[in-house]
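Visitor: Take this structure first; my questions come after.
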Amino acid sequence: MSTHNFETLRSAVLDASVAKRWAQAVEEWQVVGVEEDPRGTGICVCGKTNLVYLYTIHNERTRETLFPIGSSCVNLFEVEELNVSVAVLRRLFDLRASFSSGRPVVLTTDHFSRAVLADLWQNGAFPPNEYNRSNGDNDYKFLLDMFNQRHDPTEKERRKIWVLINRVIKPFVMTDARLG
């Protein structure tokens, strides 16, 4: 297994950016997807081998995309938003694996985080419907409140959580184009 080569990463990023200085160029990028290579044959743009999780980053200003890039290279950008995106996409990828395997998914830190719930909300996982008074924000806020509370939910709250996870979040995550 080879380690990353920062100069190779730096060159690839700068070549595909408007800015020509690292500190400014890294601000132009967004993490837009993740794929899994279970055999670990992925090779990062920096040259690091044996990647299992292959991220895609995109520069909206230049319309350039870099793929595959490993999470440790994204972390070298030292941009908090990118680090959060890597963590959230990985959690969503694992959440989809749990749904696919038939394992129960519950509203705990094993499956969710505040950042994951916010990402789901921001990306349209909670559509307006008759049960949320035609406002998907209500479902997001309900789940966030339930995630943050320090006592067990009531039976009615448990049922609503189950419906939101299995009838709203599951179909969204299963078809999320960001998760290759």
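The values are calculated or read from the model by the stated rules, or taken from the named source; none is laboratory data. The structure presented is a predicted model; accordingly, all values stated were derived computationally and were not measured. A quick note on method: Cβ atoms are made from the backbone with ideal geometry, for glycine too, and the neighbour counts reach across all protein chains shown. Accessible surface areas use protein heavy atoms only, side chains included; no ligands, DNA or RNA. Shrake-Rupley method; radii C 1.70, N 1.55, O 1.52, S 1.80 Å.
Visitor: Are any residues in the range 46-58 crowded, with 21+ Cβ neighbours inside 10 Å and either touching a Leu at 6+ places or on another chain (Cβ under 8 Å) or closer than 15 Å to Leu179 by Cα (or both), and if so, which ones?
Guide: Of everything in the range 46-58, those that are crowded, with 21+ Cβ neighbours inside 10 Å and either touching a Leu at 6+ places or on another chain (Cβ under 8 Å) or closer than 15 Å to Leu179 by Cα (or both) turn out to be Cys46, Tyr55, Ile57.
Visitor: In addition: For the range 11-34, which positions are closer than 15 Å to Ile69 by Cβ and either part of a loop (DSSP other than H, G, I, E, B) or open to solvent by 80 Å² or more (accessible area, probe 1.4 Å) (or both)?
Guide: Asp15, Ala16, Ser17, Gln30, listed by residue number.
Visitor: Does Phe142 meet the test of being more than 27 Å from Glu35 (Cα to Cα), open to solvent by 30 Å² or more (accessible area, probe 1.4 Å) and either of a type in the set (Phe, Trp, Tyr) or over 15 Å from the mean Cα position of the chain (by Cα) (or both)?
Guide: Judged against the criteria, Phe142 is a match.
Visitor: If you don't mind, there's one more thing I want to ask. Report whether or not Val79 is surrounded by 15 or more Cβ atoms within 10 Å (Cβ to Cβ), aliphatic (A, V, I, L, M) and touching a residue at least 60 places away in the same chain (Cβ under 8 Å).
Guide: No.
Visitor: Only one of (1) touching a helix residue (DSSP H, G or I) at 6+ places or on another chain (Cβ under 9 Å); (2) surrounded by fewer than 14 Cβ atoms within 10 Å (Cβ to Cβ) fails for Leu117. Which number is that?
Guide: Status for Leu117: all satisfied but (2).
Visitor: Can Val32 be described as under 24 Å from His111 (Cβ atoms) and out of contact with any strand residue (DSSP E or B) (no Cβ under 6 Å at 6 or more places or on another chain)?
Guide: Spelling it out, it is not the case that Val32 is under 24 Å from His111 (Cβ atoms) and out of contact with any strand residue (DSSP E or B) (no Cβ under 6 Å at 6 or more places or on another chain).
Visitor: Scan the range 73-90 and give yes if some residue there is over 30 Å from Val13 (Cβ atoms) and out of contact with any Gly (no Cβ under 9 Å at 6 or more places or on another chain), otherwise no.
Guide: No: zero hits.
Visitor: Restricting attention to the range 158-177, which residues are surrounded by 19 or more Cβ atoms within 10 Å (Cβ to Cβ) and either more than 16 Å from His111 (Cα to Cα) or among the polar types (S, T, N, Q) (or both)?
Guide: Scanning the range 158-177 gives a single hit, Asp176.
Visitor: While we're on this one: Has the range 126-139 got any residue that is in contact (Cβ under 8 Å) with a residue 40 or more places away in the chain, part of a loop (DSSP other than H, G, I, E, B) and open to solvent by less than 50 Å² (accessible area, probe 1.4 Å)?
Guide: Yes, the range 126-139 contains a residue that is in contact (Cβ under 8 Å) with a residue 40 or more places away in the chain, part of a loop (DSSP other than H, G, I, E, B) and open to solvent by less than 50 Å² (accessible area, probe 1.4 Å).
Visitor: Evaluate the following for Ser85: is it in contact with a helix residue (DSSP H, G or I) (Cβ under 9 Å, 6 or more places away or on another chain), small (Gly, Ala, Ser) and farther than 25 Å from Asp176 by Cβ?
Guide: no
Visitor: Another one. State which residue is surrounded by the most Cβ atoms within 10 Å (Cβ to Cβ) when the search covers only the range 86-114 and only residues that are free of Cβ contacts under 8 Å to residues at least 12 places away in the same chain and among the β-branched types (Val, Ile, Thr).
Guide: Only one residue fits best here, namely Thr109.
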